[in-house]
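Working notes for the structure below.
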Amino acid sequence: YGGFLFMPVIFKPINPDSAHTFAVVKEVCQQSYPSLDSNEGRQTVSRLVGLCKNVLASEPKAVSDLLIEHGLDVENDTDTVGAALEVLSACDTRIQAPGARIDFDDMIWIPALRQYSCKVYGTVLVDEAQDLNAAQMHLVTASMGSKSRLIAVGDDRQAIYGWRGAGADVLATL
């Protein structure tokens with residue numbers, strides 16, 4: 001790791017998984033929300049879209065609540081929420097095209113959004129369960145039948161993925 005510890009910072013990472021989504025954010029901000037067409041505005045919308053995908057938020061009130069819950073300071077929350085919802089819709093539409101590229105969030109969000117069925121297992125094991133978000137929880141429950149057993153291992157004192165929509169209450173929910 002030594003070489004990386006002293007490497008100069010030449011860029012500010014947003015979310016390395018979201019290059020596809022960020023391209024859609026840029027397009028939506030340029031075309032429909034010029035007040036958000038800055039690096040800071042696009043980063044905020046991109047972060048909000050990622051949160052929406054992770055917690056399966058698609059209604060304006062739920063998206064607005066995410067702004068507050070995650071401390072996203074914005075000048076115009078109506079535009080930010082509107083842009084996030086438009087980006088979610090555009091991402092969903094673009095993903096349906098043949099050869100479409102998806103990012104990590106999409107791999108979890110789309111099956112949950114579209115209620116895709118998946119293989120049902122007799123036993124499902126989840127490690128680091130305290131870090132599951134709503135979209136991941138959906139995939140866990142979708143892979144379980146009425147007689148399946150769930151083995152969940154986690155420690156709510158080690159929950160570190162709140163920025164991706166994970167909540168400490170997930171262990172109690174499981």
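Miscellaneous remarks
- Using the Cβ-Cβ distance between Thr123 and Tyr161 with R0 = 22 Å, the FRET efficiency computed as 1/(1 + (r/R0)^6) comes to roughly 0.35.
- Taking the C-alpha atoms of the chain, convex hull volume expressed per residue in Å³: 161
- Non-local Lys pairs in the chain, i.e. 8 or more apart or on different chains, that have alpha carbons under 24 Å apart: 7
- Cβ-defined net charge surrounding Val153, 9 Å radius [Lys, Arg +1; Asp, Glu -1]: -3
- Carbon-plus-sulfur accessible fraction, the chain (probe radius 1.4 Å, protein heavy atoms only): 55%.
- For the chain, the solvent-accessible area with a 1.4 angstrom probe is 61 square angstrom per residue.
The values are calculated or read from the model by the stated rules, or taken from the named source; none is laboratory data. A quick note: this is a predicted structure, and the numbers were derived from the prediction, not measured. Positions of Cβ are generated from backbone atoms using ideal geometry, with glycine treated the same way; all protein chains shown enter the neighbour counts. Accessible surface areas use protein heavy atoms only, side chains included; no ligands, DNA or RNA. Shrake-Rupley method; radii C 1.70, N 1.55, O 1.52, S 1.80 Å.
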